[in-house]
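Each remark here refers to the structure printed beneath this line.
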Amino acid sequence: MKNADVIIVGGGIIGCATAYNLAQKGIQVTVIEREEIGAGGSSRNGGGVRQSARDMREMPLALYSVRNLWPGLSDELGMDVEYVQKGNLRLGKTPAHMKRLDDIVQQGKSVGLGLDVLSQEEVKEVCPYVSDE
Ligand SMILES: Cc1cc2nc3c(=O)[nH]c(=O)nc-3n(C[C@H](O)[C@H](O)[C@H](O)COP(=O)(O)OP(=O)(O)OC[C@H]3O[C@@H](n4cnc5c(N)ncnc54)[C@H](O)[C@@H]3O)c2cc1C
């Protein structure tokens, strides 16, 4: 650790990706993790690479990574990270849900994401097996 140029606290995806990219530039990095690598949200998530409904502070990285990092990551790492771009469908049932979805769409549009609120019929076209409820 004494030889590290950079010490990163936390071995989640952010800490590990930062360490990887610094190491690629020849910088000596040490990652300090209190449990084990990936012990936090990074090993518990749904596996979606999501841009929408993020904290606005995360948006620049989310947008950049979908455009520039994820598409070439399997080739770069020499392993299949199972990344595919398919979009994201969020469902709402109540007026409160719909308000939340409207807010997500407005937020996404403000940073250039192609989001829309779909009618029930349009949702069925995208995903015919969604319940009528
Ligand atoms: C249930 C769930 C589902 C999710 N689904 C999605 C999804 O489908 N798509 C999506 O884009 N995002 C999803 N997310 C969010 C995504 O997982 C997180 O945004 C991302 O994993 C955060 O990565 P991170 O490296 O910042 O944090 P973490 O992965 O939480 O890593 C932080 C690490 O720091 C360590 N640490 C903390 N404090 C210290 C300390 N003092 N000393 C040493 N180590 C420390 C922790 O042990 C942990 O390993 C989901 C999150 C959850 C919880």
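The values are calculated or read from the model by the stated rules, or taken from the named source; none is laboratory data. Every value quoted in this text rests on a predicted model; they were computed, and no experiment measured them. We place every Cβ from the backbone using ideal geometry, glycine too, and count neighbours over all the protein chains shown.
Using the structure shown, decide if THR18 is over 30 Å from LEU101 (Cα atoms) and touching a helix residue (DSSP H, G or I) at 6+ places or on another chain (Cβ under 9 Å).
no
Residues are listed down the side, and each one gets a yes or a no for (1) touching a Leu at 6+ places or on another chain (Cβ under 7 Å); (2) over 30 Å from TYR20 (Cβ atoms); (3) away from the ligand (no atom under 14 Å from the Cβ):
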{"residue": "MET59", "(1), (2), (3)": "no, no, no"}
{"residue": "LEU77", "(1), (2), (3)": "no, no, yes"}
{"residue": "GLY87", "(1), (2), (3)": "no, no, no"}
{"residue": "LEU101", "(1), (2), (3)": "no, yes, yes"}
{"residue": "LYS109", "(1), (2), (3)": "yes, yes, yes"}
{"residue": "VAL126", "(1), (2), (3)": "yes, yes, yes"}
{"residue": "TYR129", "(1), (2), (3)": "no, yes, yes"}
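Would you confirm, using the coordinates I've provided, whether SER65 is touching a residue at least 60 places away in the same chain (Cβ under 8 Å) and under 30 Å from GLN24 (Cα atoms)?
So SER65 fails the test.
Quick one: would you say THR94 is away from the ligand (no atom under 12 Å from the Cβ) and of a type in the set (Ser, Thr, Tyr)?
yes
Criterion first (under 23 Å from GLY47 (Cβ atoms) and at pLDDT below 95) does VAL123 satisfy it?
So VAL123 fits the description; yes.
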